[in-house]
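Asker: Provided herewith is a single structure, encoded as structure tokens, for subsequent inquiry.
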Amino acid sequence: MIRFWNASIGTEIITTGGGGGGGGGSPLRIKDHEGPIRSVCGLSDSSDSSDNSNGSTVFMTSSNDGTIKTRLLDYSDSSAPVTMDVDGASSSSSGSAVPLSCDVISTVFHPSEGSGGTPFILDCCVANSEYVTCGEDGSVLVWNKDSSDLTQVIQHPTSVWGVTGCNNLLSTDHNAETLFATAGHDGILRVFST
């Protein structure tokens, strides 16, 4: 389940006009994965200075069900804008209710690279113009951020527990190749470029 929080006061964000009559609203909670959600990732590098004044933020979630869902969080009618940083933390400038919706704009399936069924998707990240997911089966998949097309598969010898974009850390040219690091169950940190 995805829940949205106002970090400054430690409460869930309440939407206006929640389902049903009355004006109170209700917490925005989303349960559309079939398994636990393992990761939430904002779909912009922290170096990206894009303005969120249009009232929407794009982020993705990965799950044990083998899916990666790209979502559009829309707060365009809000007088108290919600912001989401690249770690997926939400906050609101006030404790009042905000009109908020969160729609799935694409769902992709992380195919199994080994024997057996769909792997758990343990992490996801943004790396330059692509996003990267990793699974318990040792597969690391690179996806085009705009089209959600799978562009590369990198197989590891063990489960990959984490993945992070490195363009901000290792490169000053943000138009250069995509850089990311993986954290394997074998205790090895590997750095890749696409």
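The values are calculated or read from the model by the stated rules, or taken from the named source; none is laboratory data. Quick caveat, the model's predicted, so the values are computed rather than measured. As a convention, Cβ positions derive from the backbone with ideal geometry for all residues, glycine included, and neighbour counts pool all protein chains shown.
Asker: I'm trying to understand the selection: among the residues of region 129-150, which are hydroxyl-bearing (S, T, Y), closer than 13 Å to F109 by Cα and surrounded by 20 or more Cβ atoms within 10 Å (Cβ to Cβ)?
Answerer: Quick first cut of region 129-150, residues hydroxyl-bearing (S, T, Y) only: 129, 131, 133, 139, 147-148.
Right, trim to closer than 13 Å to F109 by Cα and you get 133, 139, 148.
Once the filter is applied, which keeps residues that are hydroxyl-bearing (S, T, Y), closer than 13 Å to F109 by Cα and surrounded by 20 or more Cβ atoms within 10 Å (Cβ to Cβ), region 129-150 yields T133, S139.
Asker: Quick test of your reading of the structure: G117 fulfils all but one of (1) at pLDDT 55 or above; (2) at negative phi; (3) touching a strand residue (DSSP E or B) at 6+ places or on another chain (Cβ under 9 Å). Name the failing condition by number.
Answerer: G117 satisfies every listed condition except (3).
Asker: For D103, work out the one condition from (1) modelled with pLDDT of 60 or more; (2) crowded, with 16+ Cβ neighbours inside 10 Å; (3) of a type in the set (D, E) it doesn't fulfil.
Answerer: Single failed check for D103: (2).
Asker: Here is a list: L150, L170, L141, L179. Which entry is modelled with pLDDT under 80 and touching a strand residue (DSSP E or B) at 6+ places or on another chain (Cβ under 8 Å)? Walk me through how you get there before you give the answer.
Answerer: Details: L150 fails: modelled with pLDDT under 80; L141 fails: modelled with pLDDT under 80; L179 fails: modelled with pLDDT under 80.
Exactly one residue qualifies, and that residue is L170.
Asker: Quick one: V126 ticks every box in (1) surrounded by fewer than 14 Cβ atoms within 10 Å (Cβ to Cβ); (2) within 14 Å of the chain's Cα centre (by Cα); (3) β-branched (V, I, T) except a single one, so which number is it?
Answerer: In the conditions (1) surrounded by fewer than 14 Cβ atoms within 10 Å (Cβ to Cβ); (2) within 14 Å of the chain's Cα centre (by Cα); (3) β-branched (V, I, T), V126 misses (1) alone.
Asker: Would you say S63 is at pLDDT 50 or above and either on the phi < 0 side of the Ramachandran plot or among the charged types (D, E, K, R) (or both)? Working first, answer last.
Answerer: Details: at pLDDT 50 or above: yes; either on the phi < 0 side of the Ramachandran plot or among the charged types (D, E, K, R) (or both): yes.
Yes, satisfied.
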